[in-house]
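**Student:** After the structure tokens below, expect a handful of questions from me.
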Amino acid sequence: MEKYIDGAQFSDEHLRLMKNHIMFKGLDTSQIRLFLNHAQPYFLQIEEGQTIRLPAELSDYIGLVFSGHVIVYGVDYSGNRLLHNSLESSESSGTLFSILDYRNTLVEVEGKVHSLMLMLDRSAVYEPSGDIIEIQNRILVNMIDSQRQMFTDLSWHLYCLCQRTIRDKILKLLQFCVERHKSYEFDIPFSREDMANYLAVDRASLSRSLSELKSEGIIDFRKNHFSVLSPQHFKYN
């Protein structure tokens, strides 16, 4: 992890990728560079399969993925991991995290593919600065737009965790995926281990429940690609 003091150190390719991110929507390259000079963000380059534990001083920073795909985990002091979020640069929302505090929680970020991230001090966005105040206002509007989906995802996660059985947790997660994709066939961006962490269940028990749902003709799946075969369980408008 490296802290960039001068936005000029970001390459043209980095700036092009940032320009396509929802956080910088409506800003041109010169405005983005000006904001980076002000914000002095941390820059994270994460390789596929690599895990980075964020230091405590970054617990209330804003994180954004502007290239790639990462998984964000909370880790308790016994070493247990809970999957908080899956963040992909290809999505128009859900690519920010740490708007909610992770204080008193260890946070790990794992690269599913080669990924690029920024970690921004909140004050760089929230505390007005005369020469870039219009840029800050634009970024705040973009953040609000992005967070609508994040809070929807958080609500669905809580619904999943509140289910009494592993089977019900799986069905609630699949219902969420059906509604989000508006389709009875979709990919879940989790490995089986990630899925178990997301639902806070044992991986072997998860696999057993998935197999039971498959044998009952309710779902079919191959790795992370799922098909709902019994649509009456999962309605969408």
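Every number here is computed from the coordinates shown, using simple stated rules; none is lab data. These numbers come from a predicted model, not from an experiment. As a convention, Cβ positions derive from the backbone with ideal geometry for all residues, glycine included, and neighbour counts pool all protein chains shown.
**Student:** In nm, give the distance between the simple-model label positions of residue 154 and residue 214, each being 7 Å from the Cα along the Cα-to-Cβ direction.
**Tutor:** If labels sit at residue 154 and residue 214, their model points lie 3.5 nm apart.
**Student:** Something else about it: For the chain, what does -39500 (n - 2.57) per DSSP helix run (n ≥ 4), summed and divided by total residues, give at 222 nm, in deg cm²/dmol to the nearest 500?
**Tutor:** Theoretical 222 nm ellipticity from helices: -12000 deg cm²/dmol.
**Student:** How high is the relative contact order of region 163-233, in percent, counting Cα pairs under 8 Å that sit 6 or more residues apart?
**Tutor:** That works out to 34 percent.
**Student:** When the dipole is taken about the Cα centre of region 154-237, and only Lys, Arg (+1) and Asp, Glu (-1) are charged at their Cβ, what size is it in debye, to the nearest 20?
**Tutor:** Here the size comes out at about 80 debye.
**Student:** Lysine pairs in the chain with alpha-carbon atoms under 27 Å apart, 8 or more places apart or on different chains: how many are there?
**Tutor:** The number of close lysine pairs in the chain is 25.
**Student:** Taking the dipole about the Cα centre of the chain, with the C-beta of Lys and Arg at +1 and of Asp and Glu at -1, give me whichever of 166, 111, 136 is farthest to the positive side.
**Tutor:** 166
**Student:** For residue 156, what is the net charge nearby, where nearby means another residue's Cβ is under 11 Å from its Cβ and Lys, Arg count +1, Asp, Glu -1?
**Tutor:** Local net charge: 0.
**Student:** Could I ask something else about it? By the scheme Lys and Arg +1, Asp and Glu -1, what is the net charge of all other residues having a beta-carbon under 14 Å from that of residue 108?
**Tutor:** My count for the surroundings of residue 108 gives -1.
**Student:** Can you give the net charge of the other residues whose Cβ lies under 12 Å from the Cβ of residue 166, counting K and R as +1 and D and E as -1?
**Tutor:** Around residue 166, the charge tally is +3.
**Student:** Now a separate question. What translational diffusion coefficient, to the nearest whole µm²/s, does the chain have by Stokes-Einstein, given a Kirkwood radius computed over alpha-carbon pairs, a temperature of 37 °C and 0.692 mPa s viscosity?
**Tutor:** 172 µm²/s
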